[in-house]
Amino acid sequence: LRISRLFLLADGAGLYVFGYEGRLVSELRLPNSALGAGHHERTIALSGDTVAVVDKVDSKQIHVLDPQTSKNQGDGKITHSAEVEEICLSQSGNINNRMLAVIDSAGSVHVAIIKTFGKVSRTAKLGTLVNRICFHDQWPMLAGLQEGQLMVWPCPSIAFDHHDLLEKTTITKRVEQLGRFPELLNFTKNSILLRRSDGSLLPSAFSPFPAALLAQLEESKWDNAIRLCRHMNDDSLWAMLAGLAMQAKNIYTAEIAFGSLDEIEKVEFLRDIRNEKDKDIRAAMMTMLSGKTTEADTMLEKTGHSFRALMLNITSFKWDRALDIAVKKPDLLEIVIGYRQKYLQEMGRQETNEKFLKYQSQVEIDWPHIRQTIATERAKTE
């Protein structure tokens with residue numbers, strides 16, 4: 001297994017990392033369950049700072065090590081939900097944004113972040129019925145083979161926070177006469193090299209513009225990135241820019257990108273974020289835009305914005321959670337009880353939740369007073 005700076009050799013006794021001058025860099029210290037004959041290029045992955053090895057006894061387990069020191073990288077282990085068939089590591093960037101791509105026994109392809117900084121392991125699903133994968137040698141773009149077509153995810157990290165943009169960024173290309181067991185050999189520059197089942201090699205050209213966009217963003221040239229997207233007027237590029245701008249918290253660029261995708265509601269929400277003065281509320285709103293309402297709710301309550309957390313749960317119809325917040329802040333109890341009653345009336349239903357029945361008798365619903373309370377609470381953060 002080779003990369004630009006290192007290569008790895010495997011035998012029945014162990015795994016060894018060498019530099020190209022012939023010097024042994026490290027002998028990887030792995031559990032006995034990960035050693036032994038039978039490893040191949042689909043069950044071991046190598047980058048400049050990470051080695052990933054599928055466990056031979058429990059193939060749901062992937063051991064992750066530093067090739068220089070043989071110490072655990074990240075949490076030292078990634079546990080997948082199904083048996084792992086193939087793995088590969090991104091080659092660009094550093095350990096903080098290193099990604100592992102996995103194909104499991106169901107043919108689903110997932111990506112995982114190696115270094116999660118103490119958080120729960122982050123994984124995201126990219127697609128299904130994929131049988132081979134390969135990362136670009138310079139940019140964090142992932143290519144895969146799926147039933148006679150070539151798929152490229154030019155920005156797989158979008159799947160972690162903005163999965164709704166993932167499909168818009170995905171590029172597909174039909175490839176004829178690959179045979180039953182084609183291979184994906186490498187992904188470099190603007191070309192993907194395939195091997196047909198009969199052994200013949202087939203290079204396939206790939207658009208240079210996703211890489212050009214990533215090159216501009218790596219240097220924080222956001223204006224150039226916007227100009228590139230406007231010139232090409234391609235939805236996949238706009239979706240890439242929108243997702244990466246959100247990751248970088250560049251609200252201005254995200255507004256332009258979502259506007260070009262006709263995502264008007266998101267543009268208006270981003271404008272509200274930009275106009276929000278409180279940094280804690282802004283952070284929670286950005287989290288909310290990623291679809292992580294539970295995390296946004298926790299952020300708001302921890303930073304003392306109970307009213308905002310309450311209204312978030314009411315608009316998300318998370319009534320039990322809204323009531324829990326209101327019980328801690330009795331001044332807000334009338335709001336959640338009032339909106340709950342209004343919701344049930346519109347649905348033509350009676351209250352059956354014992355928690356709401358308990359507190360319903362303790363408050364008198366007065367809508368002018370509720371509106372006044374809401375206005376007062378909103379004024380506190382303006």
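Laboratory data are not the source of any read-out in this text; all were calculated from the coordinates shown. Predicted model only: the values in this text are computed from it and were never measured. Because the Cβ atoms are built from the backbone with ideal geometry, glycine has one as well, and the counts that use them run over all protein chains shown.
Numbers below:
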| quantity | calculated |
| --- | --- |
| Within-12-Å neighbourhood charge of ALA211 [Cβ basis; K, R +1; D, E -1] | -1 |
| Angle between the chain longest axis and helix 251-260 axis [Cα atoms, degrees, rounded to 10] | 80 degrees |
| Hydrodynamic radius (Kirkwood) for the chain, which is based on Cα pairs only, to one decimal in Å | 23.8 Å |
| Linear extension gain, LYS302 paired with GLU265, 0.36 nm per residue minus alpha-carbon span | 10.6 nm |
| Least to most buried among THR188, THR50 (fewest other Cβ within 10 Å first) | THR188, THR50 |
| Added length on full extension, which subtracts the Cα-Cα distance from 0.36 nm per residue, ARG378 to GLU176 | 66.7 nm |
| For THR315, THR303, order by how many other beta-carbon atoms lie within 10 Å, fewest first | THR315, THR303 |
| Selected from GLY179, HIS163, ALA45, residue furthest toward positive end of dipole (segment 6-207; charges at beta carbon) | HIS163 |
| Residue with peak Gaussian network fluctuation, the chain [Cα springs, cutoff 10 Å], from SER191, SER316, SER108 | SER316 |
| Antiparallel content of DSSP bridges confined to the chain, in %, to 5 | 100 percent |
| Length released on extending from GLN68 to ASN96, taking residue separation times 0.36 nm less the Cα-Cα span | 8.4 nm |
| Proxy reagent accessibility, fewest Cβ within 10 Å first, across PHE307, PHE209, PHE181 | PHE181, PHE209, PHE307 |
| About the Cα centre, charge dipole magnitude for segment 6-207 (Lys/Arg +1, Asp/Glu -1 at Cβ), debye | 240 debye |
| Cβ-Cβ FRET estimate between HIS40 and ARG122, R0 fixed at 25 Å, reported to 0.05 | 0.35 |
| Estimated distance in nm for a label pair at ASN32 and PHE7, the labels positioned 7 Å out from Cα along Cα-to-Cβ | 3.2 nm |
| Positive-end residue, segment 292-382 charge dipole about Cα centroid, Cβ charges, pick of GLY348, ALA379, GLN362 | ALA379 |
| Distance (nanometres) between label positions extended 7 Å along Cα→Cβ at ASN275 and ASP320 | 3.6 nm |
